[in-house]
Amino acid sequence: MRFGFVKILSIVILFNLIMAGCSNSENHFDNIDSKIEVSVEKVGDKLQPKDIKVKHKQDVTINIKSDVDGTLHVHGYNLEKDLKSGEKAEISLVADATGRFPIGFHVSDSKSQDNHGHDDDDDGNGHEEMIIGNFIVEPN
Amino acid sequence: MKKYFYGLGILASLSFGLLNVSKIQAHGFGERYDLPIPLGFFLIGASLTIILSFVVIGFFVNYAHKRRDFVPTRTLVGTHALQSTSMKIIGALIKLCAVSIFVLLLATGLFGSRNPSENFSVIFVWIIWWVGFGLAIPIIGNFWASINPITIIFDAIYFILSKNCELNKRCKGLRHKYNCPKYSEFNFAPYPPVLKYWPIVFWFLLFAWIENSGYGASPEDLARCVILYTTVSVIGMLIYGRDIWLSRGEVFNVYYNIMGSFGFLEFERDEHGSLVNINIRPPIVGLLKLQTGSISFVVFHIILLATITFDGLSETFIWYEAIDLFVPVFGLTGLEFLGLIFMPAVFFLAYYMFSWVIYLVAGEMNLNKILTVFVFALTPIAIAYHIAHYFSYIVITGQMIIPLISDPFGFGWDIFGTAAYTTNIGLINAKMIWYLSVITIVLGHVFSILISHVKSTGSYSKRSLATKSQYPMMILMVFYTALSLWIISQPLVER
């Protein structure tokens, strides 16, 4: 019975440590660039690509293009950028806080319709914000 | 008998008044920026859970039966000190402070800004009180019973009423001689035995639904809910007696009593509910003192565990996929309500099944007894999950209260100069949270096994039976711990 426990335990530990090792090696970055430039585009109600992934402490430049006029808002970091339809804009920041920060978009046109809207930013002009993607800062 | 129904009628009508709230989206306050724990952390946590289970079981098989009673407590502040004038003044000031905050939250809720993140009431109730106190009380101990505004209000009302009551005056003088009821036991009608602990089950389900569905994000609706709940509780205490209603109908009193038993301070009370001693004890062991003989209480405890888990699950992709699938059938509100019923039902079924297996394996105790004896062994896992799920939330989102201290109504005031404070999102690193979550959940699991073992040794006549009973219980706990770890490893979605 005792031998059985030891065997089961050994197998469980070995399996899990191997799996843990594999998954850690996936996420391990030895040479993290201190600067990163990402290009994204807002098409419809989503960013393409949807998630912007960076590492903690990186200097990030986000090049962004939108299909409509509006304001982009990175939650948590509380960054806002006015965007003009079809024109490129740039947001620079230092990713000094880890986490997953939703990226919201307020459409300038009040007739805009979207079904992902929510009324968290009651800016008084009746525009709803839609979440179009995420800014993800992973720990090193 | 008629008195029962008058009392129940008043309570029921007030309760239905609570349901009359207008729908508001929850999002807009308390945003979470967590990163789910990676697979590696999940697997290490799961491995540790299994390894430590064997270690703890080994320890208990060899040693625990030698010492059943290991709940050492030492008085930190004794009765004499608590009765001193200075301590009475401090106590009165703390109570005054608690009632002032209570009044402030009602005032801000009713008359303040409609934007939840600019209103003291919403942030205070959901983030500071529900999450913050929910974290502090299991660590410190049940201090809620001393600052519960509902009991303070009730005591004040009772004091005013009893001052003008000739009968009560005479009774007070002759209480000792004729064994008149103490004020904490005074009632107009006996508590209907049929109700058991079902009122707290009802309140907790309603509260969990208000929280998860986002009904409580409107300051005005939230204030109305608080007023109605307070009124119902005060009336309940007046009709059925203070203590009986506090233990069966005032859900937060019961909730914090369970959670606070985990803490390192014991707030010892006499039969009047007055604080007599503040004792220091090792954490966790207070749970050993908790006992119940009622299945309705077991149901409440299981609902408590399940809803805390559901709170985490409802932020993951799994739940959002369920929403896409079932909303056309049940509607969003219906689905949220079903989720709150479904999870406790599954948890209760699992607990019932494992208790039945214990009954088959160990015998001696009947199934009802097994269900009631081991239910508190699940408390540490719930507390651990609560800490793992909410620690970053209280550290980051809890900062929202800082500007609101200066501007509680959202009118643009700056009383203490903190109105311009912005949340520091870099205060805690995601990796630190991952470690904390895994360590907390694994430790919670170990503590659960510990409680379960001590409960079993105190309940079974033979050591061999107690040991036998623990194998099914351990499998259930491993399952629940793995579920907790799995939920915090799931990708989150915004609400």
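Would you list A:R100, B:R224 from fewest to most Cβ contacts within 10 Å? Could you put the intermediate results ahead of the total?
Numbers: A:R100 23, B:R224 19.
Ranking A:R100, B:R224 by Cβ neighbours within 10 Å, fewest first, gives B:R224, A:R100.
Over 25 Å between Cα atoms, which of B:K95/B:K289; B:K431/B:K455; A:K50/A:K84 qualify?
Numbers: B:K95/B:K289 27 Å; B:K431/B:K455 36 Å; A:K50/A:K84 20 Å.
Cα-Cα > 25 Å for B:K95/B:K289; B:K431/B:K455; rest within.
From the phi angles alone, apply the Karplus equation (6.51, -1.76, 1.60; θ = phi - 60°) to region B:461-477 and give each ³J(HN,Hα) in whole Hz, x where the residue is Gly or Pro.
3J(HN,Hα) across region B:461-477, in whole Hz: 6, 10, 4, 5, 5, 4, 5, 4, 5, 7, 5, x, 4, 5, 5, 4, 5.
Inside 10 Å of the C-beta atoms of B:44-52, what's the mean count of C-beta atoms belonging to other chains? Show your work: numbers first, answer last.
Values: counts 7, 2, 4, 9, 2, 0, 5, 4, 0.
Mean number of neighbouring Cβ atoms from other chains: 4.
How long are the three semi-axes of the equivalent ellipsoid for region B:377-495, computed from the Cα gyration tensor as the root of 5 times each eigenvalue, in whole Å, largest first? Mind showing how you got there, number by number?
Working: eigenvalues 360, 54, 22 Å².
So the equivalent ellipsoid measures 42, 16, 10 Å along its semi-axes.
Scan around B:N277 for amide H atoms under 5 Å from its own, H built in the peptide plane at 1.01 Å from N, and keep only partners 5 or more places away or cross-chain.
Under 5 Å from the amide H of B:N277 lie the amide H atoms of B:E268, each far enough along the sequence or on another chain.
To the nearest 20 debye, what is the magnitude of the charge dipole of chain B about its Cα centre, counting +1 on the Cβ of each Lys and Arg and -1 on the Cβ of each Asp and Glu? Write out the running numbers ahead of the final one.
Numbers: 32 positive and 25 negative charges, 439 e Å.
Magnitude of the dipole: close to 2100 debye.
What's the center-to-center distance, using Cα atoms, between region B:357-400 and region B:434-495 in Å?
What the calculation gives is 8 Å, centre to centre.
Residues with beta-carbon under 14 Å from that of B:A208, excluding B:A208: net charge, scoring Lys, Arg +1 and Asp, Glu -1? Walk me through the numbers on the way to the answer.
Details: positive: none; negative: B:E211, B:D311, B:E336.
Counting the neighbours of B:A208, the net charge comes to -3.
Once you average over the residues of B:120-127, how many Cβ atoms of partner chains fall within 10 Å of each Cβ? Spell out each step's value before the answer.
Working: counts 0, 0, 0, 0, 0, 0, 0, 0.
Average per residue, whole number: 0.
In terms of the Cα gyration tensor, with a ≥ b ≥ c the square roots of its eigenvalues, is region B:192-244 rounded because a/c is under 1.5, prolate because a/b exceeds b/c, or oblate? Walk me through the intermediate numbers first.
Details: a/c = 4.45, a/b = 1.65, b/c = 2.69.
Since a/c reaches 1.5 but b/c is at least a/b, the shape of region B:192-244 is classed as oblate.
Computed from the coordinates by the stated procedures, all read-outs in this text should not be read as laboratory data. Computed from a predicted model, the values in this text were never measured in an experiment. No Cβ is skipped: glycine too gets one built from the backbone with ideal geometry, and neighbour counts run over all protein chains shown.
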